[in-house]
1. Go through region 34-48 and give me each residue that's within 15 Å of I21 (Cα to Cα) and either touching a residue at least 24 places away in the same chain (Cβ under 8 Å) or surrounded by 15 or more Cβ atoms within 10 Å (Cβ to Cβ) (or both).
2. Being among the hydrophobic types (A, V, I, L, M, F, W, C) and in contact with a helix residue (DSSP H, G or I) (Cβ under 7 Å, 6 or more places away or on another chain) is the filter; apply it to region 69-101 and report the residue that is farthest from S197 (Cα to Cα).
3. Evaluate region 58-70: report whether one residue or more is within 30 Å of D139 (Cα to Cα) and either in a helix (DSSP H, G or I) or not assigned by TED's automatic domain parsing to the domain that holds V101 (or both).
4. Condition check: within 14 Å of Y3 (Cβ to Cβ), of a type outside the set (S, T, N, Q) and free of Cβ contacts under 8 Å to residues at least 12 places away in the same chain. Does A80 satisfy that?
5. Scan region 179-199 and tell me whether some residue there is modelled with pLDDT of 80 or more and exposed (fewer than 12 other Cβ atoms within 10 Å of the Cβ).
6. In region 85-114, what count of residues is obtained for those that are of a type in the set (S, T, N, Q) and over 18 Å from the mean Cα position of the chain (by Cα)?
7. With (1) assigned to a loop (DSSP other than H, G, I, E, B); (2) under 27 Å from I79 (Cα atoms); (3) modelled with pLDDT under 90 as the list, and E92 as the residue in question, which single condition is left unmet?
8. Scan region 166-177 and give yes if some residue there is among the acidic types (D, E) and modelled with pLDDT of 80 or more, otherwise no.
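The values are calculated or read from the model by the stated rules, or taken from the named source; none is laboratory data. Every value quoted in this text rests on a predicted model; they were computed, and no experiment measured them. Cβ coordinates were reconstructed from backbone atoms using ideal geometry, including for glycine residues, and neighbour counts include every protein chain displayed.
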Amino acid sequence: MKYKITPFNVIAVALTLFAFIDYLRTKDPTGLGLLAVIYVLGGVVGVLLVDFLIQWLAKEYKKIIPIEMLMLGVVVFWIASMERTKTWLIPENFGEGYVTVIYDMEGAEKLPIHSFTWSYEIKIPESGILLTSTKFEDDLPKTDIKTYTGAVLDEYKEEFFECLFESEMNCSNKNYKYKTWIVQKKKCEYASVKADSVRKIMQSKFCK
């Protein structure tokens, strides 16, 4: 079998060059840059093995290219789908506090999500708690937090951080999953303690 130039081995070479050039440019003293190069090289080896297998099985060049392009398309679509972002809109004077979304609550409104929803915005009540009947696993993977006027939180309020916690609470023998974003100035320091207090507040309000 004559090894041919394909999309997979071209990408493998490009990734290798990029990793080494980036490592030499940053000269990361912590060693994290070198670790990234090792991970990239591991991925490159995997890509080349898959490429070799495809060439060995497909044999004909006119079959190899469509197969690899289709596989690349699937990977690109999957990566892009992981970037789907929801935006929580909070009041201008929100300050430090928490934003909590409780999922799968009967009688609550659904989030504006459909089969091909790529992004959406929704206002968070001034209480900071949003109830929805949408299932936890159906929500979009990434989150932005902005004010009602659309200002990005980190730009609008200098040195504010959003610390995400995922957990669940038990109400009347049913578990409800929720996500809490702690908005505070000290990065995520003591945020876990605040997350525990949020759970107690929610249980007192919604677990009758």
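1. Listed by number, the residues that qualify are A36, V37, V40, L41.
2. M69
3. Yes, because at least one residue in region 58-70 is within 30 Å of D139 (Cα to Cα) and either in a helix (DSSP H, G or I) or not assigned by TED's automatic domain parsing to the domain that holds V101 (or both).
4. no
5. So far as region 179-199 goes, no, none of its residues is modelled with pLDDT of 80 or more and exposed (fewer than 12 other Cβ atoms within 10 Å of the Cβ).
6. Residues meeting the conditions: 1.
7. Answer for E92: the failing condition is (2).
8. Yes: one or more hits.
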